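These notes are about the structure you will find just below.
The values are calculated or read from the model by the stated rules, or taken from the named source; none is laboratory data. All figures in this text were calculated on a predicted structure; none of them were measured in a lab. Here the Cβ positions follow ideal geometry from the backbone for every residue, glycine too, while neighbour counts run over all protein chains shown. The area values use the complete protein model at the heavy-atom level, side chains included, leaving out ligands, DNA and RNA. Shrake-Rupley method; radii C 1.70, N 1.55, O 1.52, S 1.80 Å.
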Amino acid sequence: MKTIKGPAIFLAQFVGDKAPFDTLDNLGQWAASLGYKGIQVPTDPKLFDLEKAAASRTYCDDIKGRLAETGIEITELSTHIQGQLVAVHPAYDEMFDGFAPAELRGKPQARQEWAVNQLKCAAKASQHLGLKSHASFSGALAWPFVYPWPQRPAGLVELAFAELGKRWTPILDTFEENDVDLCYELHPGEDLHDGVTFERFLEATGNHARANILYDPSHFVLQAMDYLEFIDIYHERIRAFHVKDAEFNPTGRSGVYGGYQSWVDRPGRFRSLGDGHVDFGAVFSKLTQYDFDGWAVLEWECALKHPEDGAREGAGFIENHIIRVTERAFDDFAKSGVDDAANRRLLGL
């Protein structure tokens, strides 16, 4: 068995204009001061020049060296924003335009081409940084049709996933060339949001070896899924891990869909670690049982608690849940010393 690495923290929700949240160096020092050993880095140009990283190993070595001085390493890069733009249903064009550079807004085809190039750059940048996994979203073509009313036309879902596979396969091939796993965060709003949709995608990509999962139990709590059995089923494809809590308190007035309410008022809402319903003792046990040796990365999203408090509490929470694996069986002291010949006698052979 292997010991999960950590604690680490995803920086996306903490980036700001003021120190210590304004630069990658400052964020690294801040994370280290809280007890984190790793950071998952969003490829926000304010923090990280993705195209330069893809072209220059020297640039990557310099970043790694500066972070190492504070005891921090990069766990994964993230292209959640760009991955979303690989597949956008026209109903969401205007809203997702804000994810793209200003000169590409109102140009969906150019926006998609930019996103694909960004993902391919992320594969090369990850290889330059010595990373084995990358975090992203799948984007969505079929999401407007997730609830079948009116009845979905025959073949609609199949066509959507065929197109999704067609768009992502060349990207996955680039990740294969760079020996990096592309880990999709299964998330409502994305076409890949649960196990069944992930299986559809695998089929559409020819069961691509680099199509893997960023496991985040909070999204399964909000879908009323069994997030522990999910690990049993898909552990071979889980290559990244967001430690994020959530709670689901359905009422006679509202449930999974949330009634268009704000996050504070929804029955299902994200919480800081330890404040929600996720059984992280069981989650860490199962991942350890299945030899997950990646990073345990805090993703802070909470409708109530201040992010800096969530980050401060999260480092110790993760540290306390990481299981240092045993090197021997607990009952080794009771070994009988019986050899093969004795075993045969015991069996009457």
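Can you tell me how many residues within segment 234-249 are open to solvent by 50 Å² or more (accessible area, probe 1.4 Å) and closer than 16 Å to residue 192 by Cα? Final tally of qualifying residues: 1.
Is it the case that residue 82 is open to solvent by 40 Å² or more (accessible area, probe 1.4 Å), within 30 Å of residue 142 (Cβ to Cβ) and within 22 Å of the chain's Cα centre (by Cα)? For residue 82, the condition - open to solvent by 40 Å² or more (accessible area, probe 1.4 Å), within 30 Å of residue 142 (Cβ to Cβ) and within 22 Å of the chain's Cα centre (by Cα) - is not met. Candidates are the residues of segment 250-289 that are open to solvent by 70 Å² or more (accessible area, probe 1.4 Å) and assigned to a loop (DSSP other than H, G, I, E, B); the one that is nearest to residue 74 (Cα to Cα) is 279. Out of 75, 3, I need the residue that is out of contact with any Phe, Trp or Tyr (no Cβ under 9 Å at 6 or more places or on another chain), open to solvent by less than 70 Å² (accessible area, probe 1.4 Å), under 25 Å from residue 272 (Cβ atoms) and of a type in the set (Val, Ile, Thr). Which one? None of the other options fit; the residue is 3. For a quick check of your reading of the model, give me the residue pairs whose first member lies in segment 95-123 and is more than 29 Å from residue 181 (Cβ to Cβ) and assigned to a helix (DSSP H, G or I), whose second is open to solvent by 70 Å² or more (accessible area, probe 1.4 Å) and not aliphatic (A, V, I, L, M), with beta-carbon atoms closer than 7 Å and at least 6 apart or on different chains. What qualifies is 97/105.
Listed here are the residues, each with its yes/no results for (1) of a type in the set (Gly, Ala, Ser); (2) without any contact (Cβ under 8 Å) to a residue 60 or more places away in the chain; (3) at positive phi.
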| residue | (1), (2), (3) |
| --- | --- |
| 167 | no, no, no |
| 175 | no, yes, no |
| 179 | no, yes, yes |
| 187 | no, yes, no |
| 203 | no, yes, no |
| 211 | yes, yes, no |
| 214 | no, no, no |
| 223 | no, yes, no |
| 226 | no, yes, no |
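In segment 319-332, the residues that are closer than 30 Å to residue 31 by Cβ form Cβ pairs under 6 Å with partners that are assigned to a loop (DSSP other than H, G, I, E, B) and open to solvent by 100 Å² or more (accessible area, probe 1.4 Å), at six or more places apart or across chains, as follows: 325/1.
Being buried (at least 21 other Cβ atoms within 10 Å of the Cβ) and among the acidic types (Asp, Glu) is a property that residue 185 has.
Checking each residue in segment 301-318 for being among the hydrophobic types (A, V, I, L, M, F, W, C) and assigned to a helix (DSSP H, G or I) picks out 311, 315, 317, 318.
Take the conditions (1) of a type in the set (D, E, K, R); (2) in contact with an Asp or Glu (Cβ under 9 Å, 6 or more places away or on another chain); (3) closer than 21 Å to residue 178 by Cβ; residue 66 misses just one of them, which is (3).
A quick yes/no check of all residues on (1) hydroxyl-bearing (Ser, Thr, Tyr); (2) touching a Cys at 6+ places or on another chain (Cβ under 8 Å); (3) closer than 20 Å to residue 300 by Cβ:
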position: 37; (1), (2), (3): no, no, yes
position: 48; (1), (2), (3): no, no, yes
position: 53; (1), (2), (3): no, yes, no
position: 57; (1), (2), (3): no, no, no
position: 61; (1), (2), (3): no, no, no
position: 69; (1), (2), (3): no, no, no
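Taking every residue in segment 126-142 that is under 21 Å from residue 55 (Cβ atoms) and small (Gly, Ala, Ser) and pairing it with any residue that is modelled with pLDDT of 95 or more and surrounded by fewer than 24 Cβ atoms within 10 Å (Cβ to Cβ), at least 6 positions away or on another chain, the pairs with Cβ-Cβ distances below 7 Å are 126/178; 136/80.
Here residue 55 qualifies as open to solvent by 70 Å² or more (accessible area, probe 1.4 Å), of a type in the set (A, V, I, L, M, F, W, C), at pLDDT 95 or above and over 29 Å from residue 243 (Cα atoms).
Do the conditions hold for residue 180, that is, is it among the β-branched types (Val, Ile, Thr) and within 27 Å of residue 308 (Cβ to Cβ)? The answer is no for residue 180.
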